[in-house]
Amino acid sequence: MFDDRKMSKGCSAPGCRSILTVAVVVSLSLFFFFWTLPLTYCPPQLPQFNQLSDGQHEEKNNSIAEETVEKPVLLLWVWPENYRFDLSDCKTIYNIDGCHLTDDRALYSSSDAVLVFHKAIRWDLSTLPPSPRPSFQKWIWLNVESPTNTQKIPGIENLFNLTLSYREDADIPVRLRLTGNKTPNEDFKIPKKDKLVCWIVSNNAAHTGVGRRNAYYNELKKHVNIHLFGKAYGTFLDYKDYYPTIASCKFYLSFENSIHKDYITEKFNGPLSAGTVPVVLGPPRKNYERFAPGDAFIHVDDFPDAKSLAEYLMQLDRDEDAYRRYFNWRRHFSARPHLIVQNQEFVLAICTACDHVARHKEYQEAHDIYEWFFN
């Protein structure tokens, strides 16, 4: 061991100081020599996982394979209104293929969700699925009628996990919506028109709440000619003629049978997709503007009376430029025709439910559906 005091005392001579200087120089030279050497040590690479090509089988303990996930089973407890369709329609029409759709009640105990059509529920509840339901299973309440046309069946208020309805605040809202165009569409052309105002009416039963729309129609027809079609007025319109007929009219009366929040049906989508201006009677304008641009339609509430509306329609008939402005939205949005064949009436609702159960696994309950739906 060195004695610092002796070393300090013995290095006071000039020769000793020279030795120290040489030592420092040598040390610095060695430091810079090794510092500038090329780096030969590399950290170990992370393990690489080979992707399996088409037709290649997974090798155990040699790769990470994607976990196979079974599709959830959605059981149709009954066919709504007994309108049966091909169970593959969800895939072929809407490209929805996330669930296994079935009407086989033998699969009830293993079904992830059961779709129950409200109008098929009897007052004694005997047409409901077996209760109590399996704890993992969801019951879906399907009702696309308005409150005016919905009967309150006692005892079902707290049986369901999910609501399926036209209402935007439903757990599963059902609606065919406009879609945005990434680039402006310059190809749309307004179809040739040979009629001013048209209306297709299939049901005119008083108990369905049609009083207001009938009163408005009876006043409007005094001031403008209206072409009537549909079973309610003795003129049956074939399915293949539905869209061509609407397209041939400058204006179409999209009058709902009853007035409720969000109750905006295919009567609105039909003219939008056919290239005709809808004249709407239903919830307030702001409600419609949640689903379509404000300049895509005419609302009866924008006019003090039916006569004023008729005068405006005839004015637009004479002013082609003003009429064309009701189609400016077509540059930025597209409207898709809805299904019109009777047995396909509930395809969109059922396929929407299929898509929902495939995407949402979380637990959920719907408490007091009547309090929500009617109020």
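Rank the residues PHE291, PHE373 as a footprinting-exposure proxy: fewest other Cβ atoms within 10 Å of their Cβ go first. Could you put the intermediate results ahead of the total?
Values: PHE291 18, PHE373 22.
Placing the least packed residue first, the sequence is PHE291, PHE373.
Write down the percent of antiparallel bridges among all DSSP beta bridges whose residues are both part of the range 101-251, to the nearest 5. The partial results should precede the final answer.
Working: 1 of 17 bridges.
Here the antiparallel bridges make up roughly 5 percent for the range 101-251.
If you take the charge dipole of the range 81-145 about its Cα centre, with +1 on Lys and Arg Cβ and -1 on Asp and Glu Cβ, which of SER131, TYR94, ASN82 is farthest toward its positive end?
SER131
Identify the trypsin sites (Lys or Arg not before Pro) of the range 305-350 meeting these criteria: DSSP loop state and at most 14 other C-beta atoms within 10 Å of the C-beta.
For trypsin sites (Lys or Arg not before Pro) across the range 305-350 that sit outside H, G, I, E and B with at most 14 neighbouring Cβ atoms in 10 Å, the list is empty.
Give a residue-ordered list of calculated ³J(HN,Hα) values for the range 301-306 (Karplus: 6.51 cos²θ - 1.76 cosθ + 1.60, θ = phi - 60°; whole Hz; x for Gly, Pro).
Rounded to whole hertz, the list is 5, 6, 10, x, 7, 5.
With a point put 7 Å past each Cα toward its Cβ, work out how far ASP97 is from ARG324 in nm, to one decimal.
According to this spin-label approximation, the distance is 4.3 nm.
Go through 357-370, 218-231 and give me the packing order, highest mean Cβ count within 10 Å leading. Don't skip to the end; give the middle numbers.
Values: 357-370: 13.6, 218-231: 15.2.
Ranking the peptides 357-370, 218-231 by packing returns 218-231, 357-370.
About its Cα centre, what dipole magnitude does the range 179-337 give when the only charges are +1 on Lys and Arg Cβ and -1 on Asp and Glu Cβ, stated in debye to the nearest 20?
With Lys and Arg at +1 and Asp and Glu at -1, about 220 debye.
Restricting to bridges with both residues inside the range 179-337, how much of the DSSP beta-bridge set is antiparallel, in percent to the nearest 5?
About 20 percent, rounded to the nearest 5.
Each value in this text was obtained by applying a stated rule to the coordinates, not by laboratory testing. Just so it is clear, the structure is predicted and the values come from calculations on it, not from any experiment. No Cβ is skipped: glycine too gets one built from the backbone with ideal geometry, and neighbour counts run over all protein chains shown.
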